[in-house]
Amino acid sequence: MPSVLHNAFRLQCDFSVADAILNAILWFVLTIITLGLAAFLFPFYLPKVVLNKTQVIDLDGNRVGQMVCDISLGNVIVSALIWWVLTILTLGLAYFVYIYRVYRIILNETRLQFD
């Protein structure tokens, strides 16, 4: 039986603590300015920024590509508005489903770009 490991890759994320702090400050300010509406966009951009700083590494430690998430602002806003209304109508319960939906959308919009 052939070994699968000769084609194996791993992921390496270069998202630093400084990146996280700057990102958190940005989204905190945006949430305050928009009276909380930015909180519905944040779940899209948190995994997106992390995925876009993730590299594909082979077993020898060589970079062979990177992950790229190409979700558009229009798609994010439409989805966030729909789920915002659903969250209000369900007194907050739809938000828990929304988070899972966001990750599904993000993963479907992410591709591996090999060098």
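In the assembled protein chains, I57 presents an accessible area of approximately 0 Å² (probe radius 1.4 Å).
The fraction of accessible area contributed by carbon and sulfur in segment 24-115 is 72 percent, rounded to a whole number (1.4 Å probe; ligands and nucleic acids excluded). Identify which of A18, A94, A39 has the largest mean-square fluctuation in a Gaussian network model of the chain, with springs joining Cα atoms closer than 10 Å. Judging by the Gaussian network model, the answer is A18. Between A24 and V78, the distance separating the two model label sites (each 7 Å from Cα on the Cα→Cβ line) works out to 3.4 nm.
Shown are D70, D19, D60, whose ranking by accessible area with a 1.4 Å probe and every protein chain present, most to least, is D60, D70, D19. Length gained on full extension, A8 to F114: 36.8 nm, using 0.36 nm per residue less the C-alpha separation.
Distance from the alpha carbon centroid of segment 60-111 to that of segment 9-36 works out to 15 angstrom.
Electrostatic bookkeeping for N23 treats Lys and Arg as +1 and Asp and Glu as -1; over the other residues with beta carbon under 12 Å from its beta carbon, the sum is +1. Looking at segment 33-105, the accessible area is 59 square angstrom per residue; that uses a 1.4 Å probe and ignores ligands, DNA and RNA. Pick out which of L81, L51, L89 has the largest mean-square fluctuation in a Gaussian network model of the chain, springs linking Cα atoms closer than 10 Å. Evaluated over the chain, the most mobile residue of the options is L89.
The values are calculated or read from the model by the stated rules, or taken from the named source; none is laboratory data. Just so you know, these numbers come straight off a predicted model, no measurement behind them. When we count neighbours, we look across all protein chains shown, and the Cβ atoms used for this are built from the backbone with ideal geometry, even at glycine. Ligands, DNA and RNA are stripped out before the accessible areas are found, and what is left, the full protein with its side chains, is counted by its heavy atoms. Shrake-Rupley method; radii C 1.70, N 1.55, O 1.52, S 1.80 Å.
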